[in-house]
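Read through the structure below, which is laid out as structure tokens, and then see the notes.
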Amino acid sequence: MTLVGNFLCIDKDQSAAQVKMLAAIEACRDQGQRVCTMQDLLYACKKGEDYIDDGMWMGNTINDDGWAIANKNDCNSGGDYNIEGTSGHPDNRHYRCCY
């Protein structure tokens, strides 16, 4: 875990395995953490730390049965902080845990 700013701890590396979102939630919660949200990753970005990897899970729900994923490798690509896409439960993806 790496401290970002004064308020966020984030896994330095993304998960080794690609898993479904519910498995990512369980893995992070078993450690007393959560799947990093878009807000966590953007906070880190604004602090000069880029932990976004294209295709990774983010802990935000989107619509019915959807979850946010990162759709860029650079948190400020194009200067607009537009980093999110969507994916469904059955997909397997990497993730990071935060607290």
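The values are calculated or read from the model by the stated rules, or taken from the named source; none is laboratory data. Remember, it's a predicted structure, so these values are computed and weren't measured experimentally. Here the Cβ is made from the backbone with ideal geometry for all residues, glycine too, and neighbour counts use every protein chain on show.
Which of the residues belonging to segment 8-39 are among the hydroxyl-bearing types (Ser, Thr, Tyr) and buried (at least 18 other Cβ atoms within 10 Å of the Cβ)?
Once the filter is applied, which keeps residues that are among the hydroxyl-bearing types (Ser, Thr, Tyr) and buried (at least 18 other Cβ atoms within 10 Å of the Cβ), segment 8-39 yields only Ser15.
Would segment 63-72 turn up any residue that is part of a loop (DSSP other than H, G, I, E, B), in contact with a strand residue (DSSP E or B) (Cβ under 7 Å, 6 or more places away or on another chain) and buried (at least 18 other Cβ atoms within 10 Å of the Cβ)?
So far as segment 63-72 goes, no, none of its residues is part of a loop (DSSP other than H, G, I, E, B), in contact with a strand residue (DSSP E or B) (Cβ under 7 Å, 6 or more places away or on another chain) and buried (at least 18 other Cβ atoms within 10 Å of the Cβ).
Name, by its number, the condition in (1) under 12 Å from Cys97 (Cβ atoms); (2) at pLDDT below 90; (3) of a type in the set (Asp, Glu) that does not hold for Glu26.
Of (1) under 12 Å from Cys97 (Cβ atoms); (2) at pLDDT below 90; (3) of a type in the set (Asp, Glu), only one is false for Glu26: (2).
Provide a single number: the residues in segment 43-61 that are within 23 Å of Pro90 (Cα to Cα) and either among the hydrophobic types (A, V, I, L, M, F, W, C) or modelled with pLDDT under 85 (or both).
Total meeting the criteria: 6.
Given the residues Asp11, Asp40, which is the only one that is touching a Lys or Arg at 6+ places or on another chain (Cβ under 6 Å), modelled with pLDDT of 90 or more and among the acidic types (Asp, Glu)?
After applying the criteria, what remains is Asp11.
Please determine whether any residue of segment 62-79 is on the phi < 0 side of the Ramachandran plot, modelled with pLDDT under 90 and in contact with a Lys or Arg (Cβ under 8 Å, 6 or more places away or on another chain). Spell out how you get there, then give the answer.
Looking only at segment 62-79, we keep the residues that are on the phi < 0 side of the Ramachandran plot, and these are 62, 64, 66-77.
With the extra rule that they be modelled with pLDDT under 90, the set shrinks to 62, 64, 66-77.
Add one more test, that the residue is in contact with a Lys or Arg (Cβ under 8 Å, 6 or more places away or on another chain), and what stays is 69.
Yes, there is a match, as at least one residue in segment 62-79 is on the phi < 0 side of the Ramachandran plot, modelled with pLDDT under 90 and in contact with a Lys or Arg (Cβ under 8 Å, 6 or more places away or on another chain).
From the residues in segment 1-39 that are over 17 Å from Met56 (Cα atoms), hydrophobic (A, V, I, L, M, F, W, C) and in a loop (DSSP other than H, G, I, E, B), which one is farthest from the chain's Cα centre (by Cα)?
Phe7
Considering (1) surrounded by 15 or more Cβ atoms within 10 Å (Cβ to Cβ); (2) without any contact (Cβ under 8 Å) to a residue 24 or more places away in the chain; (3) closer than 18 Å to Tyr99 by Cβ; (4) not small (Gly, Ala, Ser), say which one Leu42 fails and leave the rest.
(2)
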